[in-house]
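> Please see the structure below; I have some questions.
The values are calculated or read from the model by the stated rules, or taken from the named source; none is laboratory data. Remember, predicted model here, so these are calculated numbers, not experimental data. Heads up, the Cβs are rebuilt from the backbone with ideal geometry, glycines too, and the neighbour counts pull from every protein chain shown. Surface accessibility is based on the protein's heavy atoms, side chains included, excluding ligands, DNA and RNA. Shrake-Rupley method; radii C 1.70, N 1.55, O 1.52, S 1.80 Å.
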Amino acid sequence: MSTPRTARIRGIDRRRVLAGTAGTVLAVALRPAAAASLPRTETTDSAIRRFAGDSPIRPGRVRLDLPPLVENGNTVPLAVSVESPMTPEDHVRRIGVFNEKNPQPNVVTVHLRPGAGRAQVATRIRLADTQRITAIAEMSDGTYWSASADAIVTLAACLEG
Amino acid sequence: MARTLINLPKTAKPGDVIAIKTLISHPMETGFRPGADGRILPRNIVTEFVCRFEDAEIFRAELFPASAANPYLTFTWVATRSGRFSFTWRGDAGFEQTESAAITVA
């Protein structure tokens with residue numbers, strides 16, 4: 001890891017190089033060790049494409065609430081709401097939540113009906129590592145909207161008890 | 001039978017948006033975790049949750065191993081008439097459980 005970095009910044013004084021390397025080592029050490037080697041069954045991108053097909057996904061209209069600092073990745077509260085009147089003509093059909101670093105990219109997919117009144121759901125999820133969570137909403141007009149949130153996890157889920 | 005918690009108002013006025021909160025006790029074993037003997041424990045999760053109001057489906061969720069143990073879901077519904085909600089959880093190893101709750105709208 002340090003070889004290309006050192007090569008790239010050749011010419012910069014020795015102190016900067018040493019400080020940079022120390023930073024990398026510290027970041028690797030702080031990461032939950034087991035989570036780094038988790039096998040991934042599918043990439044996040046391909047899971048999102050399975051959800052949304054080839055439609056463009058625009059940022060906005062979705063609000064994703066997740067604590068920014070998570071002490072225990074085994075149970076993390078997550079709330080998603082989407083700006084929508086929830087009428088038969090204009091409502092949210094589905095909301096998909098995706099992660100970056102758990103063994104599987106899907107977190108939860110919910111299907112809503114216009115009679116729901118509000119497009120608002122909450123659940124609790126597991127996070128195997130510090131990562132970004134993305135929520136994508138499919139509207140009744142076939143458009144897709146998304147929001148992302150980052151969470152720093154100190155105790156990883158999935159592998160440890 | 002797994003223990004469930006279902007929370008929704010017993011009564012509501014027509015047009016009220018009610019919050020429905022559900023929880024079922026379930027280990028949601030991910031299938032990625034080694035057991036005491038070092039072998040990977042088989043996956044055992046709830047994969048699907050469906051809520052119906054008087055036989056019409058109003059909410060459905062697909063769950064994955066990334067759901068925390070004892071899956072908890074909240075959602076909303078507009079109360080228009082009295083009736084009965086039913087809640088069904090399905091999962092691995094033939095897991096299936098249905099509960100119900102009534103609401104009076106007046």
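> For chain B, which span is the longest to avoid every loop-located (per DSSP) member of trypsin sites (Lys or Arg not before Pro) having at most 16 other Cβ atoms inside 10 Å?
Values: sites that count: B:3, B:10, B:39, B:43, B:81.
Excluding the exposed sites themselves, the longest stretch runs over B:44-80.
> How much of residue B:74 can a 1.4 Å solvent probe reach, expressed as accessible area in Å² and rounded to 10?
Looks like 20 Å² after rounding.
> Follow-up question, since we're still on this one. Please report the carbon-and-sulfur percent of the accessible area for region A:44-153; probe 1.4 Å, protein heavy atoms only, DNA, RNA and ligands left out. Please list the in-between numbers first.
On the way: 2260 of 4580 Å².
Using a 1.4 Å probe with all protein chains present, region A:44-153 comes out at 49 percent carbon and sulfur.
> Continuing with this model, one more query. For residue A:94, enumerate residues with amide H under 5 Å from its amide H, sequence gap 5+ or separate chain, H modeled in the peptide plane.
A:112, A:138
> Each residue of region A:70-80 in order: what ³J(HN,Hα) in whole Hz does its phi give by Karplus 6.51 cos²θ - 1.76 cosθ + 1.60, θ = phi - 60°, with x for Gly and Pro?
Once θ is set to phi - 60°, the couplings for region A:70-80 become 10, 7, 10, x, 6, 8, 10, x, 9, 10, 10 Hz.
> Follow-up question, since we're still on this one. Sorted by mean Cβ packing within 10 Å, highest first, what order do the peptides A:125-131, A:112-118 take? Walk me through the numbers on the way to the answer.
Details: A:125-131: 24.1, A:112-118: 21.1.
Final packing ranking: A:125-131, A:112-118.
> Please give the total accessible area that chains A and B bury against each other, computed with a 1.4 Å probe and expressed in Å² to the nearest 100. Show your work: numbers first, answer last.
Working: alone 9780 and 6450 Å², together 13700 Å².
Interface area, both chains combined: 2500 Å², rounded to the nearest 100.
> Next question, about the same structure. Per residue of region B:53-69, in order, report the coupling 6.51 cos²θ - 1.76 cosθ + 1.60 (Karplus, θ = phi - 60°) as ³J(HN,Hα) in whole Hz, putting x for Gly and Pro.
Those phi angles translate into 10, 6, 6, 9, 5, 10, 7, 9, 9, 9, 10, 10, x, 6, 6, 5, 4 Hz.
> Do you know the relative contact order of chain B, to the nearest whole percent, from alpha carbon pairs under 8 angstrom that are 6+ apart? Kindly include the intermediate steps, with their values, before the conclusion.
Details: 245 pairs, mean separation 34.2, N = 106.
Result for chain B is 32 percent.
> Could you list which residues have their amide H under 5 Å from that of residue B:33, counting only those 5 or more apart in sequence or on another chain, with H placed in the peptide plane?
B:41
> Mind checking B:73-82 for the average number of partner chain beta-carbons within 10 Å of each residue's beta-carbon?
Details: counts 6, 5, 11, 10, 6, 7, 2, 1, 0, 0.
Partner-chain Cβ atoms within 10 Å, mean over residues of B:73-82: 5.
> Determine the per residue accessible area of region A:33-161 with all protein chains present and a 1.4 angstrom probe, expressed in square angstrom. Write down the numbers at each step before the final one.
Working: 5670 Å² over 129 residues.
Solvent-accessible surface per residue comes out at 44 Å².
> From the backbone phi of region B:77-83, what are the Karplus-calculated ³J(HN,Hα) couplings (6.51 cos²θ - 1.76 cosθ + 1.60, θ = phi - 60°) in whole Hz, Gly and Pro given as x?
So the J values, rounded to whole Hz, are 7, 8, 6, 10, 8, 5, x.
> Amide H of residue B:59 versus every other amide H placed in the peptide plane: which residues, excluding those fewer than 5 positions away on the same chain, fall under 5 Å?
Hits under the 5 Å cutoff: B:51.
> Just checking the output field for B:52-63: average partner chain Cβ neighbours within 10 Å of each residue's Cβ?
Working: counts 0, 2, 0, 0, 2, 2, 6, 7, 6, 8, 7, 7.
What the average comes to for B:52-63 is 4.
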